[in-house]
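Student: Below you will find the structure I want to go over with you.
The values are calculated or read from the model by the stated rules, or taken from the named source; none is laboratory data. Quick caveat: nothing in here was measured; it's all calculated off a predicted structure. A quick note on method: Cβ atoms are made from the backbone with ideal geometry, for glycine too, and the neighbour counts reach across all protein chains shown.
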Amino acid sequence: MTLRKKLIAGNWKMNKTPSDAAALAAELVATLGKRTEVDVIVCPPFTALEAVGRALDGSTVKLGAQNVHPETSGAFTGEISAPMLRALFTTHVIVGHSERRTLFGETDAFINQKVLAALKNQLRPILCVGESLAERELGSTLKVVQTQLEAALQGVSREQAAGLIVAYEPVWAIGTGKVATTDQAQEVHGFIRGLLTKLFAETVAQRVRILYGGSMKPANAAELLAQKDIDGGLVGGASLEARSFVELVNAAIAAV
Ligand code: 13P
């Protein structure tokens, strides 16, 4: 019997105006807004957080952001702080997505600062880790994941760690239609849970949800979600339409 409730999170990336985003959120609320068997989070772009938050109000669907700056305020042109996100009723934030790492040069040290800032401000980080295709082919997947995870979690206390969510997103599976096999995914998820046990405690590691991300679709979700250490999904493309996202949530409900 697992302590972990399954979780499906939609990462809408740089898609949707506030009105398009609110319309999608309203569709999700109509079908999923009272479900409690699994947790559901949507992460719209910053510009749509307020409109989506309004559409989600009174439902069980939670609001997440896609990024956060470590500082509270100041001269950081173009950035958004944790207190600003909290003021819009955001409860979760994606940190360390591979697109941030590769396209915007985010380092493990910077991601660590973001994790700490999120936790300090009662935002739950969804910490993304994952190897590139070249790293997998070199056989260094577990080493890469270990380095990213340990660096990002420096200074996180055992109490704080219980509120953490980790997403394993193999970079070669993101937006490519190439999904990791269930064995490939479970191997890394089990490894991450082992690392969390070493870093914090078995009781903490058993509570942290570890999501899979990378071309998760209704057609492959059930098999992934049946794995012992796969507690849900962080979904890009398939989260942009109500139908496919609802199907993914239903697959998670069926896997409970
Ligand atoms: P896709 O589901 O489009 O592959 O994206 C995954 C992802 O990057 C979620 O954060």
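Student: Does at least one position in the stretch 7-29 carry a residue that is surrounded by 20 or more Cβ atoms within 10 Å (Cβ to Cβ), closer than 20 Å to Ile253 by Cβ, in contact with an Asp or Glu (Cβ under 6 Å, 6 or more places away or on another chain) and in contact (Cβ under 8 Å) with a residue 24 or more places away in the chain?
Tutor: Within the stretch 7-29, one or more residues are surrounded by 20 or more Cβ atoms within 10 Å (Cβ to Cβ), closer than 20 Å to Ile253 by Cβ, in contact with an Asp or Glu (Cβ under 6 Å, 6 or more places away or on another chain) and in contact (Cβ under 8 Å) with a residue 24 or more places away in the chain.
Student: Taking Leu123 as meeting all but one of (1) among the hydrophobic types (A, V, I, L, M, F, W, C); (2) within 16 Å of the ligand (Cβ to nearest atom); (3) over 21 Å from Ala201 (Cβ atoms), write down the number of the exception.
Tutor: For Leu123, the failing item is (2).
Student: Across the stretch 165-176, which residue is surrounded by the most Cβ atoms within 10 Å (Cβ to Cβ) among those that are assigned to a loop (DSSP other than H, G, I, E, B) and within 8 Å of the ligand (Cβ to nearest atom)?
Tutor: Glu169
Student: Check the stretch 74-82 and report whether any residue there is within 19 Å of Met14 (Cβ to Cβ), of a type in the set (Phe, Trp, Tyr) and out of contact with any helix residue (DSSP H, G or I) (no Cβ under 8 Å at 6 or more places or on another chain).
Tutor: Looking for residues that are within 19 Å of Met14 (Cβ to Cβ), of a type in the set (Phe, Trp, Tyr) and out of contact with any helix residue (DSSP H, G or I) (no Cβ under 8 Å at 6 or more places or on another chain), one finds none in the stretch 74-82, hence no.
Student: Further, regarding this structure: Check Ala118, Ala82, Ala109, Ala75 and return the single one that is under 20 Å from Leu153 (Cβ atoms), of a type in the set (A, V, I, L, M, F, W, C), loosely packed, with under 15 Cβ neighbours inside 10 Å and away from the ligand (no atom under 16 Å from the Cβ).
Tutor: Selected residue: Ala109, the only one of Ala118, Ala82, Ala109, Ala75 that is under 20 Å from Leu153 (Cβ atoms), of a type in the set (A, V, I, L, M, F, W, C), loosely packed, with under 15 Cβ neighbours inside 10 Å and away from the ligand (no atom under 16 Å from the Cβ).
Student: Please verify whether the stretch 137-148 includes one or more residues that are over 17 Å from Gly190 (Cα atoms), within 12 Å of the ligand (Cβ to nearest atom) and at pLDDT 95 or above.
Tutor: No: zero hits.
Student: Considering the stretch 92-106 alone, what residues qualify as being free of Cβ contacts under 8 Å to residues at least 40 places away in the same chain and surrounded by fewer than 18 Cβ atoms within 10 Å (Cβ to Cβ)?
Tutor: The answer is Leu103, Phe104, Gly105.
Student: For the stretch 165-187, name all the residues that are of a type in the set (A, V, I, L, M) and under 18 Å from Val95 (Cβ atoms).
Tutor: Ile165, Val166, Ala167, Val171, Ile174
Student: While we're here: Could you go through the stretch 80-103 and let me know if any residue there is aromatic (Phe, Trp, Tyr), farther than 24 Å from Asp57 by Cα and modelled with pLDDT of 95 or more.
Tutor: no
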